[in-house]
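What follows is a short report on a single structure.
We did not get these values from a lab; they are worked out from the coordinates using the rules stated. As the structure is a prediction and not an experimental result, all values here were calculated from the model. Counting neighbours? That spans all protein chains shown, and the Cβs are built from the backbone with ideal geometry, glycine included.
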Amino acid sequence: MNSTKGRVAQKFKEIVCKKSFQKITISDIAKECDMTRENFYYHFHDKFDIIRWIIEVEVLNQLPETKDFLLWIDEMTESFQKDRQFYQRIFNELGKDAIREQIAPVLEKRIRKIIELTSKDTVWSVRKENKDFVISFISGAFVEMVFRSIQEKEIFNPELFQQNLSFLTDHYLPFLRIEKEIEAGKE
């Protein structure tokens, strides 16, 4: 981890917890870090770049390389909860769409990796569009659950998320397929 980037990220989190994100300037961040604006721009492009870096380096890169999806979700949730006040502030001020735009690409890349680790090769012999849809769907669902837990001040329950995901894939979706086949047979 780049120590300067880590120091800037830590100071940024502290500033966000005290001051509105919209009112924070690059000069504020640079001043808190005892650096010039030029030096700040050497490390980050803007405030959103810091958010992306925090999520990628402090959350996603700390996750274990594992086939245990539940452990992975639990570790990620714990990382978000550790800096809960920071995430609450940016989520509440910027809104879900702005945050999703920042973290979705990074999160989808990591979820793709964990899904590929946990899936048999035959599952991924489907078209790329289908694979991308599954990864996007699971990423979106997971992001939504994390957002909800942060906004509603509830602790995200990874076991419940996994149970609900299993219910969806093992019971509900097959049920819909059977219902569709029954309806098609009546025609």
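When segment 51-114 is described by a simple charge dipole with +1 on each Lys and Arg Cβ and -1 on each Asp and Glu Cβ, the residue from 55, 81, 105 located farthest towards its positive end is 105. Measuring r between the beta carbons of residue 78 and residue 186 and using R0 = 35 Å, the FRET efficiency lands at 0.10. Each Lys and Arg Cβ is given +1 and each Asp and Glu Cβ -1; about its Cα centre, segment 27-83 then shows a dipole of about 160 debye.
Step by step: find N for segment 10-80, compute 2.2 N^0.38 Å, then divide the Cα radius of gyration by it. What's the final number? Relative to the rule-of-thumb radius for its length, segment 10-80 sits at 1.34.
A crude spin-label estimate for the pair residue 169 and residue 136, with each label 7 Å from Cα along the Cβ direction, gives 1.9 nm. Ranked by the mean number of other Cβ atoms within 10 Å per residue, highest first, peptides 99-110, 17-28 order as 99-110, 17-28.
Sorted on the mean count of surrounding Cβ atoms within 10 Å across their residues, most packed first, peptides 73-86, 128-141 read 73-86, 128-141. Distance between the pseudo-spin-label points of residue 18 and residue 162 (7 Å out from Cα toward the beta carbon): 4.0 nm.
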